[in-house]
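Readers should treat all values here as calculations from the given coordinates under stated rules, not as data from a laboratory. It should be emphasised that the depicted structure is a prediction, and the values quoted were computed from it without experimental measurement. Cβ placement follows ideal geometry from the backbone for every residue including glycine, while neighbour counts extend to all protein chains displayed.
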Amino acid sequence: MLSEKKITKKMQYDRAIIIAAVSCSALDVVKEHYADWLDNNGYYPFYEMIIEIVDELMFTKGSEYLKFANAKDQTDWFIDKHDTCFDWYFMEEGRKLIHRNLK
């Protein structure tokens, strides 16, 4: 992951947006498939898991986010490559990681 010093204001803003998007999407998944986990653990551990997932998706070396952040042309979210918009990409990937973490 990136050190705190290398995270720009734009990255902080993107991270906040992605945390919100993944939280909304993941809560439906958790309630539908892992309601017992949520009942036993509560929302604080849920939120911590979301933060970990978002940081993994965004800041792991070679991540799609870092490729985008370092691209010369940032006019779009590589729509041709991802076939979806910025937040939806992370929502879908986040759902996958929710299943990975809670199975």
field: Computed lengthening from residue 48 to residue 85, 0.36 nm per intervening residue step minus Cα-Cα distance
entry: 10.9 nm
field: For the chain: lysine pairs under 28 Å (alpha-carbon distance), excluding those fewer than 8 apart on one chain
entry: 28
message: Just to be sure I understand, if you calculate volume of the Cα convex hull per residue in Å³ for this structure, which of [x] 78; [y] 134; [z] 104 do you get?
response: [z]
field: On Cα atoms only, tilt of 9-33 relative to the major axis of the chain in degrees
entry: 30 degrees
Residue 37/residue 70 FRET efficiency (R0 35 Å; Cβ-Cβ; nearest 0.05): 0.45
message: Starting from 0.36 nm per residue, how many nanometres of slack lie between residue 11 and residue 96 once their C-alpha separation is accounted for?
response: 28.4 nm
task: List the relative contact order of the chain as a percent without decimals, with contacts defined as Cα pairs under 8 Å and 6+ residues apart.
output: 39 percent
